[in-house]
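This report concerns only the one structure given below.
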Amino acid sequence: MSTIWHTGHATIEIHQGDITRQQVDAIVNAANARLAGGGGVDGAIHRAGGPAIMAETRQKYPHGCPTGSAVISGAGDLPARFVLHAVGPVWNGGGHGEAEQLTSVHQRCLELARDNQCHSIAFPAISCGVYGYPIDQAAGIAMQVAGRWGQQNTAPSLIQFVLFSSDVLEHFRNAANQILENV
């Protein structure tokens, strides 16, 4: 079941599911800085999308992508048109610019989506897996960025957060209830 908020020009939707199955223009991949593939969301996207995604990122971005930023590739066999490879921060206690980097990576994904005429985008919980970012804090940052974006921009007009577990889903719903009600 989805939870939906409307803010400015955007609809923000939160639900539990498999991000690789989303019928959106762009899927966000929680990537590492080397864009080398990995586990979690990254592994699932590369498995479902096939080898074309890795081949393209190796060719276009041989030096990877810095933390706090994102790059774009085709989506291979995924139902989306694009994959946005987002490099979130590793949690180091919160005093090393992690919040700024997480804010930046969400913002950069939305910019890439807009610049590539995407009307819809699906985010995972960036940095909340092996990178150890506290889910409640990450959810708050994601909702702040999405809410602000929807107020100031017309595209993408659908911003989804597709979360794998019910625990993460609840943190994102709680953050949305607190933040988006006031946007």
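Looking at region 158-173 only, could you name the residues that are assigned to a helix (DSSP H, G or I) and surrounded by fewer than 16 Cβ atoms within 10 Å (Cβ to Cβ)?
Kept after step one, since they are assigned to a helix (DSSP H, G or I), are these residues of region 158-173: 166-173.
Matches in region 158-173: S166, D167.
Looking at region 3-14, which of its residues are under 10 Å from V162 (Cβ atoms) and open to solvent by 20 Å² or more (accessible area, probe 1.4 Å)?
E13 - this is the single residue of region 3-14 that is under 10 Å from V162 (Cβ atoms) and open to solvent by 20 Å² or more (accessible area, probe 1.4 Å).
With within 12 Å of Q160 (Cβ to Cβ), among the β-branched types (V, I, T) and at pLDDT 95 or above as the only criterion, which of I141, I126, I135, I121 stands out? Even if it seems obvious, please write down each step before you answer.
Working: I141 fails: within 12 Å of Q160 (Cβ to Cβ); I126 fails: within 12 Å of Q160 (Cβ to Cβ); I135 fails: within 12 Å of Q160 (Cβ to Cβ).
The conditions single out I121.
Out of curiosity, is G74 in contact with a Lys or Arg (Cβ under 9 Å, 6 or more places away or on another chain) and under 28 Å from N153 (Cβ atoms)?
Values: in contact with a Lys or Arg (Cβ under 9 Å, 6 or more places away or on another chain): yes; under 28 Å from N153 (Cβ atoms): yes.
Yes: the conditions hold for G74.
Counting only residues that are over 22 Å from N153 (Cβ atoms) and not hydrophobic (A, V, I, L, M, F, W, C), which one in region 116-142 is surrounded by the most Cβ atoms within 10 Å (Cβ to Cβ)?
S127
Can you name the residue in region 34-47 that is more than 15 Å from the chain's Cα centre (by Cα) and open to solvent by 40 Å² or more (accessible area, probe 1.4 Å) and is also nearest to R81 (Cα to Cα) among such residues?
Among those that are more than 15 Å from the chain's Cα centre (by Cα) and open to solvent by 40 Å² or more (accessible area, probe 1.4 Å), it is R47.
Tell me, please, whether a residue that is more than 18 Å from A122 (Cβ to Cβ), open to solvent by 20 Å² or more (accessible area, probe 1.4 Å) and not in a strand (DSSP E or B) can be found in region 67-83. Spell out how you get there, then give the answer.
Going residue by residue through region 67-83, those that are more than 18 Å from A122 (Cβ to Cβ) are 67-69.
After this cut, where a residue has to be open to solvent by 20 Å² or more (accessible area, probe 1.4 Å) as well, the list is 67, 69.
Restricting the remaining residues to those that are not in a strand (DSSP E or B) gives 67, 69.
Checked region 67-83: at least one residue is more than 18 Å from A122 (Cβ to Cβ), open to solvent by 20 Å² or more (accessible area, probe 1.4 Å) and not in a strand (DSSP E or B).
Mind telling me which of the residues A155, A176, A113 ends up being crowded, with 18+ Cβ neighbours inside 10 Å and not in a helix (DSSP H, G or I)?
Working: A176 fails: not in a helix (DSSP H, G or I); A113 fails: not in a helix (DSSP H, G or I).
After applying the criteria, what remains is A155.
Going by the structure shown, is Q101 polar (S, T, N, Q), in contact (Cβ under 8 Å) with a residue 12 or more places away in the chain and assigned to a helix (DSSP H, G or I)? So that I can check it myself, show each step before the final result.
On the way: polar (S, T, N, Q): yes; in contact (Cβ under 8 Å) with a residue 12 or more places away in the chain: yes; assigned to a helix (DSSP H, G or I): yes.
Here the answer is yes, as Q101 does meet what is asked.
Any residue at all in region 18-27 that is at negative phi, part of a strand (DSSP E or B), open to solvent by less than 50 Å² (accessible area, probe 1.4 Å) and touching a strand residue (DSSP E or B) at 6+ places or on another chain (Cβ under 6 Å)? Steps first, answer last, please.
Restricting attention to region 18-27, the residues satisfying the condition of being at negative phi are 18-27.
Pick out the ones that are also part of a strand (DSSP E or B) and you get 26-27.
Now restrict to residues that are open to solvent by less than 50 Å² (accessible area, probe 1.4 Å): 26-27.
Add one more test, that the residue is touching a strand residue (DSSP E or B) at 6+ places or on another chain (Cβ under 6 Å), and what stays is 26-27.
Checked against the condition, which is being at negative phi, part of a strand (DSSP E or B), open to solvent by less than 50 Å² (accessible area, probe 1.4 Å) and touching a strand residue (DSSP E or B) at 6+ places or on another chain (Cβ under 6 Å), region 18-27 yields at least one hit.
Check off (1) part of a loop (DSSP other than H, G, I, E, B); (2) buried (at least 16 other Cβ atoms within 10 Å of the Cβ); (3) not basic (K, R) for G94 and give me the number that stays unchecked.
That leaves (2) as the condition not met.
Please verify whether region 151-172 includes one or more residues that are within 18 Å of V71 (Cβ to Cβ) and free of Cβ contacts under 8 Å to residues at least 12 places away in the same chain.
Of all residues in region 151-172, those within 18 Å of V71 (Cβ to Cβ) come to 156.
Subset that is free of Cβ contacts under 8 Å to residues at least 12 places away in the same chain: none.
Scanning region 151-172 turns up no residue that is within 18 Å of V71 (Cβ to Cβ) and free of Cβ contacts under 8 Å to residues at least 12 places away in the same chain.
Tell me which residues, restricted to region 97-110, are open to solvent by 20 Å² or more (accessible area, probe 1.4 Å) and more than 12 Å from the chain's Cα centre (by Cα).
Our first condition is that a residue be open to solvent by 20 Å² or more (accessible area, probe 1.4 Å); within region 97-110, this holds for 97, 99-101, 103-104, 107-108.
Answer for region 97-110, where residues must be open to solvent by 20 Å² or more (accessible area, probe 1.4 Å) and more than 12 Å from the chain's Cα centre (by Cα): G97, A99, E100, Q101.
Could you list, ordered by first residue, the pairs with Cβ atoms under 8 Å in which the first is in region 45-68 and touching a residue at least 40 places away in the same chain (Cβ under 8 Å) and closer than 25 Å to V162 by Cβ and the second is crowded, with 18+ Cβ neighbours inside 10 Å and of a type in the set (D, E, K, R), at least 6 apart or interchain?
Pairs found: G68/R108.
The values are calculated or read from the model by the stated rules, or taken from the named source; none is laboratory data. Only a predicted model underlies this, so the values are computations on that prediction, with no experimental measurement involved. Cβ sites come from the backbone with ideal geometry, for glycine too, and all protein chains shown count toward neighbours. Protein only, heavy atoms only, side chains kept; ligands, DNA and RNA dropped before computing areas. Shrake-Rupley method; radii C 1.70, N 1.55, O 1.52, S 1.80 Å.
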